[in-house]
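Only one structure is covered here, and it is reproduced in the block below.
Just so you know, all these numbers are worked out from the coordinates, no wet-lab data involved. Predicted model, so just to flag it, every value in this text is computed and none were measured. Here the Cβ positions follow ideal geometry from the backbone for every residue, glycine too, while neighbour counts run over all protein chains shown.
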Amino acid sequence: MPAMARPFLVWCAAAMLAAGCTQTVDGRAMRAAPGIDDDSLSPVDVETLMLDQAQMRAITGAGDDLTIIPSMDGKFLVDIDQLAQTAPPQCQWIFVETQTFGPDVEEFHKTTFQNPPDGGLISEGAAAYRDADTARRAFDDLVDLVEGCGSTAFGPMFVGDWTATSDSVQTRPGACSLSCWLR
């Protein structure tokens, strides 16, 4: 084959390959649905509050076995109505994040990790609010929810021993723990 024909052949093959790999799709471009934090009025970025995987591995002692559950790493509040219905009314908030964090969330992120060898799960979540007063109301409401659940016969199972200060609340049901801080 002459030397001049070789580049032409390569060019033709590339053009045919490109033409064979293209297609036209009718429709029109649309903007993606806005995220919960796109228009956030909060002065706090919840991502700066979240612990990373290495930090979670260190505090749990699970090492490399602790992994993020991909379907349980998100920026939207999730209510698990089926589990909530199995709890006394005063304790249903544990399964209803829209009650736990309140209606005024500006930004949110929750990640759940698993430790398959030990069958353990641990979650971390952070919510940000538009201002300190709104955050204070959400926190005070959460303390009221913990107290309400703790006063029921099922309180030991759902919140266990719990304590609250002006800027933190901690529950310890069985081998589990929930800690919240107002920052």
Q) Taking into account only those residues within region 153-176 that are closer than 21 Å to Thr98 by Cβ and among the β-branched types (Val, Ile, Thr), which is surrounded by the most Cβ atoms within 10 Å (Cβ to Cβ)? A) Val159
**Q.** Test: residue in region 105-117 that is among the hydroxyl-bearing types (Ser, Thr, Tyr) and within 21 Å of the chain's Cα centre (by Cα)
**A.** yes
Q: From the list Gln114, Gln90, pick out the single residue that is assigned to a strand (DSSP E or B), surrounded by 15 or more Cβ atoms within 10 Å (Cβ to Cβ) and of a type in the set (S, T, N, Q).
A: Gln114
